[in-house]
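Participant: Could you have a look at this structure, given as structure tokens, before my questions?
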Amino acid sequence: MPTNYIRIAGLNDGEHRQVFEIKDKFFKAYEDSEVKTGEFIVNTLVVLRGLDRKVTINIEGKITNLLCDYCTKGLEWEISTTLNFVIKESEKEMESTDEIIYVLPNQHQVDIDHLIFEMINLSIPNKRTHNKSERKDGSCDKEMLQLIEEYAIKTNDKIDPRWTVLNKLK
């Protein structure tokens with residue numbers, strides 16, 4: 001399993017940057033992940049000011065294995081996401097929150113694999129489709145769109161006579 005660490009100890013005050021490249025191998029560790037393939041660049045920035053430690057993680061790239069909700073044709077999805085975290089020391093192990101990463105006093109680095117995984121998966125939109133201009137110019141699978149139209153349930157706008165009787169009760 002690929003492991004990406006950011007160094008948090010032994011650094012001077014100021015800004016410290018690291019860059020990671022994430023590819024398909026990264027997602028093999030997450031079998032239930034919807035994302036199986038993609039290429040991403042992860043930029044991290046650790047800012048130290050006295051006892052204050054902050055981390056910014058920026059991810060840019062594309063997911064290459066999504067399916068269009070309209071036609072089920074393969075779809076590449078560009079993502080760009082940034083999150084900020086505060087690093088706090090704790091004498092006992094504590095679970096990190098959305099904004100705080102807890103570390104032990106003798107901890108020198110932080111594994112950010114799970115944060116990277118979550119940021120990428122949370123960047124996937126609920127509705128995944130080729131945009132409207134792509135659907136018109138042929139990016140959507142025309143055969144599939146025809147099958148959907150053919151088998152779509154046609155609604156009948158004729159009002160059931162039983163409802164007209166109920167409407168008179170108003």
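The values are calculated or read from the model by the stated rules, or taken from the named source; none is laboratory data. Just so we're clear, the structure is a prediction, and the values are computed from it rather than from any experiment. So basically every Cβ, Gly included, is an ideal-geometry build from the backbone, and we count neighbours across all protein chains shown. Only protein heavy atoms, including side chains, enter the accessible area calculation; ligands, DNA and RNA are left aside. Shrake-Rupley method; radii C 1.70, N 1.55, O 1.52, S 1.80 Å.
Participant: Within the stretch 144-157, how many residues turn out to be modelled with pLDDT of 75 or more and loosely packed, with under 10 Cβ neighbours inside 10 Å?
Facilitator: Going through the stretch 144-157, the residues modelled with pLDDT of 75 or more turn out to be 144-152.
Those still in the list that are loosely packed, with under 10 Cβ neighbours inside 10 Å too: 149-152.
Residues meeting the conditions: 4.
Participant: If you scan the stretch 47-81, which residues turn out to be closer than 30 Å to Pro105 by Cβ and not in a strand (DSSP E or B)?
Facilitator: Filtering the stretch 47-81 down to residues closer than 30 Å to Pro105 by Cβ leaves 47-59.
Gly50, Leu51 - these are the residues of the stretch 47-81 that are closer than 30 Å to Pro105 by Cβ and not in a strand (DSSP E or B).
Participant: Looking at Thr3, Thr97 in this structure, which one is free of Cβ contacts under 8 Å to residues at least 24 places away in the same chain, hydroxyl-bearing (Ser, Thr, Tyr) and exposed (fewer than 12 other Cβ atoms within 10 Å of the Cβ)?
Facilitator: Working: Thr3 fails: free of Cβ contacts under 8 Å to residues at least 24 places away in the same chain.
After ruling out the rest, the residue left standing is Thr97.
Participant: Right, something else. Of these, Asn106, Asn65, Asn84, which one is touching a strand residue (DSSP E or B) at 6+ places or on another chain (Cβ under 9 Å), within 30 Å of Leu51 (Cα to Cα) and either open to solvent by 80 Å² or more (accessible area, probe 1.4 Å) or at pLDDT 80 or above (or both)? Steps first, answer last, please.
Facilitator: Working: Asn106 fails: touching a strand residue (DSSP E or B) at 6+ places or on another chain (Cβ under 9 Å); Asn65 fails: within 30 Å of Leu51 (Cα to Cα).
Step by step, each of Asn106, Asn65, Asn84 is checked, and only Asn84 is touching a strand residue (DSSP E or B) at 6+ places or on another chain (Cβ under 9 Å), within 30 Å of Leu51 (Cα to Cα) and either open to solvent by 80 Å² or more (accessible area, probe 1.4 Å) or at pLDDT 80 or above (or both).
Participant: Oh, and also: Any idea which of Ile79, Ile59 is surrounded by 17 or more Cβ atoms within 10 Å (Cβ to Cβ) and in contact (Cβ under 8 Å) with a residue 60 or more places away in the chain?
Facilitator: Values: Ile79 fails: in contact (Cβ under 8 Å) with a residue 60 or more places away in the chain.
Exactly one residue qualifies, and that residue is Ile59.
Participant: Output the number of residues of the stretch 82-91 satisfying the condition of being of a type in the set (S, T, N, Q) and in a strand (DSSP E or B). Steps first, please.
Facilitator: Initial filter on the stretch 82-91 (of a type in the set (S, T, N, Q)): 82, 84, 90.
Okay, now just the ones that are also in a strand (DSSP E or B), so 82, 84.
Counting residues in the stretch 82-91 that are of a type in the set (S, T, N, Q) and in a strand (DSSP E or B) gives 2.
Participant: I would also like to ask the following. Of these, Asp24, Asp32, which one is acidic (Asp, Glu), without any contact (Cβ under 8 Å) to a residue 24 or more places away in the chain and open to solvent by 70 Å² or more (accessible area, probe 1.4 Å)? Reasoning before the result, please.
Facilitator: On the way: Asp24 fails: open to solvent by 70 Å² or more (accessible area, probe 1.4 Å).
Exactly one residue qualifies, and that residue is Asp32.
Participant: Mind listing whichever residues of the stretch 35-56 are open to solvent by 10 Å² or more (accessible area, probe 1.4 Å) and among the hydroxyl-bearing types (Ser, Thr, Tyr)?
Facilitator: Thr37, Thr56 - these are the residues of the stretch 35-56 that are open to solvent by 10 Å² or more (accessible area, probe 1.4 Å) and among the hydroxyl-bearing types (Ser, Thr, Tyr).
Listed here are the residues, each with its yes/no results for (1) touching a strand residue (DSSP E or B) at 6+ places or on another chain (Cβ under 8 Å); (2) at pLDDT below 85; (3) within 24 Å of Ile22 (Cβ to Cβ); (4) in a helix (DSSP H, G or I).
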| residue | (1), (2), (3), (4) |
| --- | --- |
| Thr97 | no, yes, yes, no |
| Glu118 | no, no, yes, yes |
| Asn121 | no, no, yes, yes |
| Pro125 | yes, no, yes, no |
| His130 | yes, yes, no, no |
| Lys136 | no, yes, no, yes |
